[in-house]
Amino acid sequence: MTNYFTQYIQNQQAALATIPAEQLPPIAELLRRAHREKRQIFVFGNGGSAANASHFATDLGKGASDKVGPFRVLSLNDNCAWMTALGNDYSYEDVFVRQLMNYANPGDVALTMSVSGNSPNLVKAVTWCEANGVETIALVGGRRGRLAELARHVVAIESDHYGRVEDCHMTIAHMLCYYFMEN
């Protein structure tokens, strides 16, 4: 059993080593500009990525805001009633795009996380953002998927293992937040 856990840690370290650090400064600058211009930052994903989106919104909205002043950040995953109404009355593909249609303005920022990069609801939301002047960031896994073709800023983790990729996405989210907290 110890071998399994040792191997898992080694595989996680290998996945972490694929985080392209050189791609993070432009994203940090985009977040800095959104902060300075009082733009809205939207984050969203499905499953574990939804949990990461909520965690990132909390860290940016509380931790980083405590240090540099308020970030206007919202996880689109956190209004269960609205999401289920949209999914029921329209389709699950619309649960994020319909929220963005209500809230987002040109110059705002949308950050999505997806291991596959192909979730129809994320693709639809990013497509809408690109057509409406909302800056887009996609954190994806090794398959990259459609999101990597659509988003302006893409960070890919070279793994298809959901847990490892989601852990790497959360590491990126923490790095972005702590960039503001520690600098």
Checking the condition under 17 Å from the mean Cα position of the chain (by Cα), over 23 Å from Ala151 (Cα atoms) and in a helix (DSSP H, G or I), which residue from Ala64, Ala53, Ala34, Ala57 passes? Ala64
Kindly provide the set of residues from region 137-160 that are buried (at least 23 other Cβ atoms within 10 Å of the Cβ) and of a type in the set (A, V, I, L, M, F, W, C), ordered by number. Ile137, Ala138, Leu139, Val140, Leu147, Ala151, Ile157
Residue by residue through region 39-50, note down the ones that are of a type in the set (Val, Ile, Thr) and part of a helix (DSSP H, G or I). none
Could you please tell me which pairs satisfy a Cβ distance under 8 Å, a separation of 6+ or placement on different chains, a first residue in region 94-111 that is within 11 Å of Gln40 (Cα to Cα), and a second residue that is of a type in the set (Phe, Trp, Tyr) and surrounded by fewer than 22 Cβ atoms within 10 Å (Cβ to Cβ)? Leu100/Trp128
Can you tell me which of Thr84, Thr127 is under 15 Å from Phe42 (Cα atoms) and not aliphatic (A, V, I, L, M)? Thr127
The conditions are (1) surrounded by fewer than 20 Cβ atoms within 10 Å (Cβ to Cβ); (2) in contact with a strand residue (DSSP E or B) (Cβ under 9 Å, 6 or more places away or on another chain); (3) farther than 26 Å from Glu29 by Cβ; (4) in contact (Cβ under 8 Å) with a residue 40 or more places away in the chain, and Gly163 fails exactly one of them. Which is it? (2)
Output the helices (runs of 4 or more DSSP H) that fall wholly within region 79-183 and possess 2 or more residues being β-branched (Val, Ile, Thr) and either modelled with pLDDT under 95 or more than 18 Å from Thr58 (Cβ to Cβ) (or both), or say none. 120-131
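The values are calculated or read from the model by the stated rules, or taken from the named source; none is laboratory data. Just so it is clear, the structure is predicted and the values come from calculations on it, not from any experiment. With ideal geometry, Cβ positions are generated from the backbone for all residues, glycine too; neighbour counts draw on all protein chains shown.
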